[in-house]
Amino acid sequence: MLDFFELHGKYKHSGLNKKHIVFEDVQGVLQGINCSDIDVVQVANSYEGRPINLVTIGRGATKVFAWSQMHGDEPTATSSLLDLLLFIQCDSGRRWYKEWRDNITLHIVPMLNPDGAAAVTRENAQGIDINRDAIVLQTPEGRILSKLMDDLHPNLAFNLHDQNPYYTAGENGAKTLVAFMAPPPDEQKTITTARRHAMQLIGSSVELITPRFLGKIARYDDTYSSSSFGDLAATKNIPCILIESGYDAADSNRQMPRMINFVALCHALSLLSASSDISGKEKIYNDLPMNVEGDIID
């Protein structure tokens, strides 16, 4: 199996090691793509008129859909997704991509909330939290995400966020670098087949990641929220993986979570392509320490 940690260090985009990622950063990477297998299409405009792009890679029956920066001030996974696009264009990445391109179609929205990114705010330009807009759909960003979810009906979704710096992996634990969660489909937190599959994929990723970041990976609270898009995916029987990128004082630009997101995405694609047996891996997910918020509120 490829060492995705090492490959990320070698091939990550050099211009994205910074606190804030804005539309121009994303657009610069997308415009620089030189690969016929990567298709970029504008699917909507933000409230202030900035393009929202859908990137599609592969041609397989299994569909994976990942979106990032629906909160404008949460850019970490945007860098990870752009790193993945750059990696696929390099020799090692091309060889890896050819292993799954006939089995998987990967769809990416690398920045859902470009207006919030420009203003460095959680909300969109209407002042609305897009991740509380899954039912009412007041925002153009929420409407396109809902439409894409329905049109694509993916076999796996990645909902990618940042969290505030005060979370720890368990009570009195180390700062959380990354927290995972498989969203529930209802208030009873029913473990459907789709949700169990998400738990198993998370468990397999955690098994890979933990040796390098022992004690710094956590499980995010899974209280049901009907107006959130991850929970909406779960109600549609779509396995969904929430990744919340955390913080370390020695890593103010969140480059370690950036790498972990990249590794988790690549690992999941490899598992799906190979139809790997991950039965029982949900125990690893369930055994993670809870993501505990400190007394300071961001």
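Bear in mind these aren't lab numbers, they're just calculated from the coordinates by the rules spelled out. These numbers were taken from a predicted model, which means no experiment stands behind them. Reconstructed Cβ throughout: ideal geometry from the backbone, glycine too, with neighbour counts over all protein chains shown.
Mind checking which aspartates and glutamates have their Cα closer than 18 Å to the Cα of Lys98? Skip sequence neighbours fewer than 8 apart in that chain.
Straight-line reach from Lys98, under 18 Å: Asp3, Asp37, Asp39, Asp83.
Hey, which lysines would be in cross-link range of Lys283, C-alpha to C-alpha under 20 Å, not counting anything within fewer than 8 residues on its own chain?
Of all the lysines, those that pass the test against Lys283 - Cα under 20 Å, at least 8 places apart if same chain - are Lys189, Lys216.
Based on Cα coordinates alone, diagonalise the gyration tensor for segment 136-222, multiply each eigenvalue by 5, take square roots, and list the semi-axes in whole Å, largest first.
They are 27, 17, 13 Å, listed largest first.
What list of ³J(HN,Hα) values in whole Hz, one per residue of segment 280-286 in order, does the Karplus curve 6.51 cos²θ - 1.76 cosθ + 1.60 (θ = phi - 60°) give from phi, with Gly and Pro shown as x?
Running phi through 6.51 cos²θ - 1.76 cosθ + 1.60 with θ = phi - 60° gives x, 5, 4, 4, 4, 4, 5 Hz.
In the chain, what percentage of the DSSP-assigned beta bridges are antiparallel, given to the nearest 5?
50
Counting Lys and Arg as +1 and Asp and Glu as -1, each charge on the Cβ, what is the dipole of the chain about the Cα centre in debye, to the nearest 20?
Approximately 760 debye in magnitude.
For volume of the Cα convex hull per residue in Å³, the choices are (1) 157; (2) 208; (3) 121; which was calculated from the structure?
Structure-derived value, by its label: (3).
Pop out the ³J(HN,Hα) list for segment 36-47 in order, Karplus 6.51 cos²θ - 1.76 cosθ + 1.60 with θ = phi - 60°, rounded to Hz; leave Gly and Pro as x.
So the Karplus estimates, Gly and Pro as x, are 5, 7, 9, 10, 10, 10, 6, 10, 6, 10, 5, 4 Hz.
Rank by packing, highest mean first: peptides 41-53, 200-212, with packing defined as the count of other Cβ atoms within 10 Å averaged across residues. Before the final figure, lay out each step's value.
Values: 41-53: 16.5, 200-212: 19.8.
Output ranking for 41-53, 200-212: 200-212, 41-53.
Using Cα springs under 10 Å in a Gaussian network model of the chain, which residue among Glu244, Glu187, Glu123 shows the largest mean-square fluctuation?
Glu187
Report, for segment 55-180, the % of DSSP beta bridges that are antiparallel, rounded to 5.
Expressed as a percentage, antiparallel bridges in segment 55-180 total about 30.
Can you list the HN-Hα couplings for segment 231-247, worked out from phi with the Karplus curve (6.51, -1.76, 1.60; θ = phi - 60°), rounded to whole Hz and with x for Gly and Pro?
Each residue of segment 231-247 in turn: 5, 4, 4, 5, 5, 8, 6, 9, x, 10, 10, 8, 10, 9, 7, x, 8 Hz.
If I take every Cα pair under 8 Å that is 6 or more residues apart in the chain, average their sequence separation and divide by the length, what percent do I get for the relative contact order?
22
Need the C-alpha centroid separation for segment 36-85 versus segment 115-194, integer Å.
Their Cα centres are 15 Å away from one another.
Let me know the charge dipole size of segment 142-230 about its Cα centre in debye, to the nearest 20, where only the beta-carbon of Lys, Arg (+1) and Asp, Glu (-1) is charged.
Rounded to the nearest 20 debye, it is 220 debye.
What is the set of long-range amide H partners of Asn45 at a cut-off below 5 Å, with H atoms built 1.01 Å from backbone N?
Under 5 Å from the amide H of Asn45 lie the amide H atoms of Ile52, each far enough along the sequence or on another chain.
Which of the helices in the chain meet the span-like rule: DSSP H, Cα axial reach of 27 Å or more, Kyte-Doolittle mean at least 0.5?
255-274
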